[in-house]
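Visitor: This is the structure I have questions about; it appears just below.
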Amino acid sequence: MSKALIVENLSKNISNQPILKNISFSVERGSFCAFIGPNGAGKTTTIRSIIGLFPYSQGKITILDQDAKNILSRMKVGYVIEKENFFNVSAKQFLCDMASYYDIKQEVVLQRIDELATLFNIKDKLDDRLDKMSSGQKKKIMIIQALVHDPDLIIMDEPTENLDPDTREIFYQLINKLKNQNKTIFISTHNLDEIEHYVDYIIILGSGEIKYTGKWNGSGNLREKYNQFKQTGVAQFHLDTPAPVQGQDKYDEMVKKNLLTQEEANILRSKTTK
């Protein structure tokens with residue numbers, strides 16, 4: 001499978017402090033990749049570097065087979081950043097202005113805005129000024145602007161923050177539909193319970209370094225497995241389940257401390273005894 005996004009040896013300093021430390025990862029085309037990690041890990045800096053909002057000290061980013069430093073590489077990218085500054089224009093004017101950067105006919109833009117605004121139940125607010133909208137309404141508009149030009153790569157930083165539960169469900173149903181259309185999804189979020197049924201791959205960033213990259217098999221609780229990974233350093237996101245293994249060892253101790261389930265302990269024990 002080809003890559004929609006490749007990040008190679010990316011480093012970024014802010015005020016002479018290293019924020020990203022030579023990180024490398026890639027995202028498969030047509031996949032849903034979750035970019036997770038604690039606050040301050042460097043996730044937002046990574047995303048802003050990918051979409052061209054931050055210059056980076058060293059490294060290379062390739063978007064849909066084009067160097068990210070070429071502005072044309074972002075013509076088929078849709079993005080939502082964590083915080084956005086809004087001007088005193090209407091939501092519809094903002095969406096049309098953003099869409100004007102792409103080679104799309106005006107009637108297509110208006111149709112897409114109408115469809116997405118209807119889906120997110122905000123069509124009656126399109127004439128309202130953005131700076132007067134609630135945080136949840138603003139987030140809906142940002143999601144619409146990310147999708148209005150039918151991008152092939154969708155990059156979002158905390159896209160469901162400030163959204164109500166019903167809208168979050170609508171959002172993930174739409175994202176899953178887009179993934180099934182071979183769109184590539186790259187999302188940073190702390191709401192792991194929301195994505196565990198949709199995500200294919202996981203990238204964990206910590207202290208500006210890649211801590212883990214791999215598949216998620218959709219089995220179990222992603223938040224629990226992520227917390228266990230933070231405590232033990234052992235990745236258990238995509239392992240198959242072997243037959244139980246008897247005997248007391250360090251894995252049984254971890255089960256007693258609720259750091260692992262018995263099933264996970266059996267998996268890890270079998271790997272070390274082969």
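What follows draws every value from the coordinates through simple rules; no lab data is involved. Note that the coordinates shown come from a computational prediction; the quantities given were computed from them, not determined experimentally. As a convention, Cβ positions derive from the backbone with ideal geometry for all residues, glycine included, and neighbour counts pool all protein chains shown.
Visitor: With the requirement that a residue be closer than 19 Å to His190 by Cβ, outside any loop (DSSP other than H, G, I, E, B) and in contact with a Gly (Cβ under 6 Å, 6 or more places away or on another chain), what does segment 21-54 give you?
Guide: Listed by number, the list holds a single entry, Lys43.
Visitor: How many residues does segment 33-91 hold that are in contact with a helix residue (DSSP H, G or I) (Cβ under 8 Å, 6 or more places away or on another chain) and either of a type in the set (A, V, I, L, M, F, W, C) or within 15 Å of Met156 (Cβ to Cβ) (or both)?
Guide: Total satisfying the criteria: 19.
Visitor: A further question on this structure: Can you find, within segment 200-210, the residue that is nearest to Lys177 (Cα to Cα) among those that are more than 16 Å from the chain's Cα centre (by Cα) and surrounded by fewer than 20 Cβ atoms within 10 Å (Cβ to Cβ)?
Guide: Glu209
Visitor: With respect to Lys179, determine if the residue is in a helix (DSSP H, G or I), within 17 Å of Leu95 (Cβ to Cβ) and touching a residue at least 24 places away in the same chain (Cβ under 8 Å).
Guide: no
Visitor: If you take the residues in segment 106-148 that are basic (Lys, Arg) and either in a strand (DSSP E or B) or touching a Phe, Trp or Tyr at 6+ places or on another chain (Cβ under 8 Å) (or both), which one is surrounded by the fewest Cβ atoms within 10 Å (Cβ to Cβ)?
Guide: Arg129
Visitor: Still on this structure, please answer the following. Just for segment 149-181: of the residues that are aliphatic (A, V, I, L, M) and closer than 23 Å to Leu110 by Cα, which one is surrounded by the fewest Cβ atoms within 10 Å (Cβ to Cβ)?
Guide: By that ranking, first place goes to Leu174.
Visitor: I'd like the residue in segment 182-199 that is part of a helix (DSSP H, G or I) and aliphatic (A, V, I, L, M) and, out of all such residues, is surrounded by the fewest Cβ atoms within 10 Å (Cβ to Cβ).
Guide: Result: Leu192.
Visitor: Something else now. Just name the residue that is nearest to Pro151 (Cα to Cα) out of those in segment 55-69 that are assigned to a loop (DSSP other than H, G, I, E, B) and charged (D, E, K, R).
Guide: For segment 55-69, the residue satisfying everything is Asp65.
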